[in-house]
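Enquirer: Following this message is one structure expressed as structure tokens.
The values are calculated or read from the model by the stated rules, or taken from the named source; none is laboratory data. Because the structure is predicted, anything quoted here is derived from the model rather than measured. Reconstructed Cβ throughout: ideal geometry from the backbone, glycine too, with neighbour counts over all protein chains shown. To get the accessible areas, we keep the full protein, side chains included, count just its heavy atoms, and leave off ligands, DNA and RNA. Shrake-Rupley method; radii C 1.70, N 1.55, O 1.52, S 1.80 Å.
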Amino acid sequence: MNIVHVCLNSSVTDGWNYQENLLTKYQKRSGHEVAIITSRWMHNDTGGLVMDERTRYVNDDGVVMIRLDMNGKEDSKRKLRTFRGLANELDLLKPNIIFIHNVCSRDNAVLARYLKIHPDVIAYADSHADFSNSATNWVSKNILHKIIWRHYAQMLVP
């Protein structure tokens, strides 16, 4: 199995015990080819966000890490950003399974297009947003979540 985790709007930090790291670690140990596509942002030792200069490497668990630049201004807090080259990476990796971490992203359009062209690929999606960490003001709740993110999440349903 060729498994790809696409971590939208999040930073994956090597060695941390988050689901992206743990799922891929054990999928690799089970004999699968595993890759993570994420942003170039990661946390440093003090918890601050820093730009990782590496774009493609293998982490300590044997998982291929692909860190993509973002379209537009490179800023870890921008909500409507998209990955540069996501479709290209999916074409190169040829996944059998895609784990989509965080459905609040315009990149769902790229993923939905890929899944439509490759109907045998299985996709799983989760959301890292809930009322404890998101939709904390009127604009976020009523515009971003109820209109924009709902639209992009619905693209993945078929």
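Enquirer: Using label points projected 7 Å from each Cα along Cα→Cβ, tell me how many nm separate residue 127 and residue 148, to one decimal.
Expert: Label at residue 127, label at residue 148, 1.5 nm between them.
Enquirer: Follow-up. Residue 12's amide H: which non-local residues (gap 5+, or another chain) put their own amide H closer than 5 Å, with H modeled 1.01 Å from N in plane and none for Pro or chain starts?
Expert: Residues meeting the amide H criterion: 39.
Enquirer: Number of Lys-Lys pairs in the chain under 27 Å by Cα, sequence gap 8 or more or different chains?
Expert: Lysine pair count for the chain: 12.
Enquirer: Classify the chain from the C-alpha gyration tensor, please: rounded if a/c falls under 1.5, else prolate or oblate depending on whether a/b exceeds b/c.
Expert: Oblate, since a/c reaches 1.5 and b/c is not below a/b.
Enquirer: Keeping all protein chains in place, calculate the accessible area per residue for the chain (probe 1.4 angstrom), answer in Å².
Expert: Per-residue accessible area for the chain comes out at 57 Å².
Enquirer: Return the calculated 222 nm mean residue ellipticity for the chain, to the nearest 500 deg cm²/dmol, obtained by summing -39500 (n - 2.57) across DSSP H runs with n ≥ 4 and dividing by the residue count.
Expert: Mean residue ellipticity, 222 nm, calculated: -6000 deg cm²/dmol.
Enquirer: Taking 0.36 nm per residue of sequence separation and subtracting the Cα-Cα distance, how much length would be gained by fully extending the chain between residue 92 and residue 56, in nm to one decimal?
Expert: Here the answer is 11.7 nm.
Enquirer: Using a Gaussian network model of the chain whose springs link C-alpha atoms within less than 10 Å, name the residue from 40, 84, 67 with the highest mean-square fluctuation.
Expert: 84
Enquirer: Expressed as a whole percentage, what fraction of the accessible surface of the range 17-158 belongs to carbon and sulfur atoms when a 1.4 Å probe is rolled over the protein heavy atoms?
Expert: That fraction is 53 percent.
Enquirer: What is the dipole size for the chain, taken about its Cα centre, with +1 at each Lys and Arg Cβ and -1 at each Asp and Glu Cβ, in debye to the nearest 20?
Expert: Working: 20 positive and 17 negative charges, 124 e Å.
Roughly 600 debye, rounded to the nearest 20.
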